[in-house]
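Working notes, structure below.
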Amino acid sequence: MLNVGKIEEGFVLDHIKAGRSLDIYEHLQLDKLDCTVAIIKNARSNKMGKKDILKVECDIDMLDLDVLAFIDHNITVNVIKNGEIVEKKDLVLPKKIKNVIKCRNPRCITSIEQGLPHIFVLADESKEIYRCQYCEEKYRESEK
Amino acid sequence: MRHLMSPLDFDTKELDELFDLARDIEVNPEKYAHACDGKILATCFYEPSTRTRLSFESAMTRLGGRVIGFSDANSSSAAKGESVSDTIRVISCYADICAMRHPKEGAPMVAADKSLIPVINAGDGGHQHPTQTLTDLLTIRNLKGRLDHFTIGLCGDLKFGRTVHSLIHALVRYEGIRFLFISPEELRVPDYITDMLREKNIPFEEVIRLEDVMPELDLLYMTRVQKERFFNEEDYVRLKDFYILTPAKMELAKKDMLVLHPLPRVNEISVEVDEDPRAAYFKQAQYGVYVRMALILTLLGLTNQ
């Protein structure tokens, strides 16, 4: 069994769907932070069989929970201070997401207008459906 | 400052006020002949649409205002690669209000975000065409006397037809509306619309044959199968003649049913139907000018003059 040490301050993202940790690393732009990151792939899980875990040692305010909730709101976010879990955060689907996904509609203005952010708005919370702010194209689950 | 991006930008009370104003313009045109003296409308048409552009130009001219603009992207700075955001910033310096048509969906919304003057969406790709919807609603209200409690059949290209999408969004706010979608399988109404109708518990049915539902309709909204919405010629040729309204089909309909069409017609309504008193599509074009006049006055804040 691989052992990764405790972190003093930061967050542990648990119950990440196996194989998705690098996507999350990318979306949270962890490559741009000068901090310690442990990526644990295919860890054993009673609940999920296999799961990924991300441990990040950094200021906890640096985490973009909206993006994380959009990617997978089943992820458990453990906030760590002084080496202990001080909070487990619930993830709520964000009402709006900016520049996380791109509109795939070839007729959408985002396909030609320079510098235009790709903005998606939560259209149906229960079905987790997002639509492009400009053309209302549905974001498909399979693209996640 | 207000823009018009979607027919939903105005609530039903505001629409009533707009339609009352359009009615007053129709009855008392001289009262409004100088209402927009000194004002300029910019018609920014990135794709050709003679009818909608001329309707806007007619509306502004009848209000005493003037019109500047371009009628296709090749004769504008877009051909040089200028963004919509930059174009509207410049147009804001030249005009008091702008009507924009663009082949890309959402382009008028991008313009509205950066604009210093009211922007009217005059059609964006296959997405929305709110002023056509206002025209349709005014036509129904004037000729039927109400905007609630009827069965409407929408026939033809329901997939790419933006006039259809905008009209459905507008009508769901009125009580007792039942939709019958009549289209070939390939051109069915998009799922986001049927999802929305299910969610709001609004009755609708999808059928293939126009004849099957003719007797049930209070209104029939015909649309053209537009060549420019297809990716290949073969699909267009195969589908374009699928639904043609003829006097024989009209015989199945109620005596007071109305036929609407956003125009231009190609051959989906045979010319013999034009003589039928239930054919309302040319009156609809006339109402289009009145409603655009009312809209220009409303967005410019000139309704109390």
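Nothing in this text is a laboratory measurement; each read-out follows from the coordinates by a stated rule. Since this is a predicted model, take the numbers as computed values, not measurements. Cβ sites come from the backbone with ideal geometry, for glycine too, and all protein chains shown count toward neighbours.
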Query raised in the report: For the pair B:ASN267 and B:ALA33, what calculated FRET efficiency results from E = 1/(1 + (r/R0)^6), where r is the Cβ-Cβ distance and R0 = 51 Å, to the nearest 0.05?
Result: 0.85
Report summary line: Answer in debye to the nearest 20: the dipole magnitude of the stretch A:93-144 about its Cα centre, from +1 Lys/Arg and -1 Asp/Glu charges placed on Cβ, is 80
Query raised in the report: Label A:HIS27 and A:ILE60 with points 7 Å out from Cα along Cα→Cβ: what is the distance between them in nm?
Result: 2.1
Requested in this report: Using the charge dipole of the stretch B:131-285 (Lys, Arg: +1 at Cβ; Asp, Glu: -1 at Cβ; taken about the Cα centre), state which of B:LEU134, B:ILE208, B:PRO262 has its Cα farthest towards the positive end.
Outcome: B:LEU134
Query - Signed unit charges on C-beta, dipole axis of the protein assembly as shown, positive-most listed residue A:ILE112, B:ALA95, B:ALA253 - result: A:ILE112
Report summary line: The simple spin-label model distance between B:ARG188 and A:VAL4, using points 7 Å out along Cα→Cβ, in nm, is 4.5
Query - Projected label distance in nm at B:ASP113 and A:LYS50, using a 7 Å step from Cα toward the beta-carbon - result: 4.0
Query raised in the report: Please report, for the Cα atoms of the protein assembly as shown, the Rg to one decimal and the Dmax as a whole number; what are they, in angstrom?
Result: 26.4, 88
Query - Sites B:PHE282 and B:SER75 - FRET efficiency at Förster radius 41 Å, r taken between beta-carbons, to 0.05 - result: 0.85
Query raised in the report: Can you give the charge dipole size of chain B about its Cα centre, rounded to the nearest 20 debye, using +1 on the beta carbon of Lys and Arg and -1 on the beta carbon of Asp and Glu?
Result: 680
Query raised in the report: When the dipole is taken about the Cα centre of the protein assembly as shown, and only Lys, Arg (+1) and Asp, Glu (-1) are charged at their Cβ, what size is it in debye, to the nearest 20?
Result: 240
Report task. Between A:GLU87 and A:ASN42, take the C-beta separation as r, use R0 = 35 Å, and let me know the FRET efficiency to the nearest 0.05. Result -> 0.85
**Report entry** Given charges at Cβ of Lys, Arg, Asp, Glu: the protein assembly as shown dipole, positive-most of A:HIS15, B:ASN74, A:THR36
**Finding:** A:THR36
**Report entry** trypsin sites (Lys or Arg not before Pro) lying in DSSP loop within the stretch A:52-97, provided at most 12 other Cβ fall within 10 Å
**Finding:** A:LYS95
Query raised in the report: How large is ³J(HN,Hα), in whole Hz, for each residue of the stretch A:48-63 in order, when computed from phi with the Karplus curve 6.51 cos²θ - 1.76 cosθ + 1.60 and θ = phi - 60°, using x for Gly and Pro?
Result: 10, x, 10, 8, 10, 9, 10, 10, 10, 9, 6, 5, 5, 5, 7, 8
Query raised in the report: Averaged over B:83-93, how many beta carbons belonging to a partner chain fall within 10 Å of each residue's beta carbon?
Result: 2
